[in-house]
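Data block below; observations after.
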Amino acid sequence: LLREQAGCRELILDTTAPTPAALYAELTRTHSLKVPPAILTFAVNERYVPADRPLAAGDRVAFIPPVAGG
């Protein structure tokens with residue numbers, strides 16, 4: 001869903017966002033993302049992290065929406 005909303009699979013960017021939550025907020029403004037951040041899971045460098053984990057240069061961040069299945 002986020003890929004469709006952003007119009008791309010991956011972004012490489014420079015940011016001053018201090019946390020994954022702040023980065024997501026930035027991307028909602030620049031890429032019109034509509035998924036509420038409260039329902040996302042955040043991952044940094046392929047590990048689940050809290051939304052307020054500090055980011056460092058070179059971190060790889062993923063936003064994971066809930067998955068429905070059965």
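The values are calculated or read from the model by the stated rules, or taken from the named source; none is laboratory data. A quick note: this is a predicted structure, and the numbers were derived from the prediction, not measured. Note that each Cβ is placed from the backbone with ideal geometry, even for glycine, and that neighbours are counted across all protein chains shown. What goes into the accessible areas is simple: the full protein's heavy atoms, side chains included, and nothing from ligands, DNA or RNA. Shrake-Rupley method; radii C 1.70, N 1.55, O 1.52, S 1.80 Å.
Here the chain is treated with +1 on each Lys and Arg Cβ and -1 on each Asp and Glu Cβ, and its dipole about the Cα centre works out to around 140 debye.
Computed in the context of the full set of protein chains, the accessible area of the chain at 1.4 Å probe radius has 54% of its extent on carbon or sulfur. Here the Karplus relation 6.51 cos²θ - 1.76 cosθ + 1.60, evaluated at θ = phi - 60°, turns the backbone of the range 32-39 into coupling constants of 6, 6, 10, 6, x, x, 5, 9 Hz, with x for every Gly and Pro. Counting only protein heavy atoms and a 1.4 Å probe, the chain has 73 square angstrom of accessible area per residue.
Modelled label positions at I39 and I64, each set 7 Å beyond Cα in the direction of Cβ, lie 1.7 nm from each other. Calculate the tail of P(r) for the chain: the fraction of all Cα-Cα distances greater than 19 Å, expressed in %. Cα-Cα pairs of the chain separated by over 19 Å account for 28 percent.
Look at the Cα gyration tensor of the range 1-41: its axes a ≥ b ≥ c give a/c of at least 1.5 with a/b at or below b/c, and that counts as oblate.
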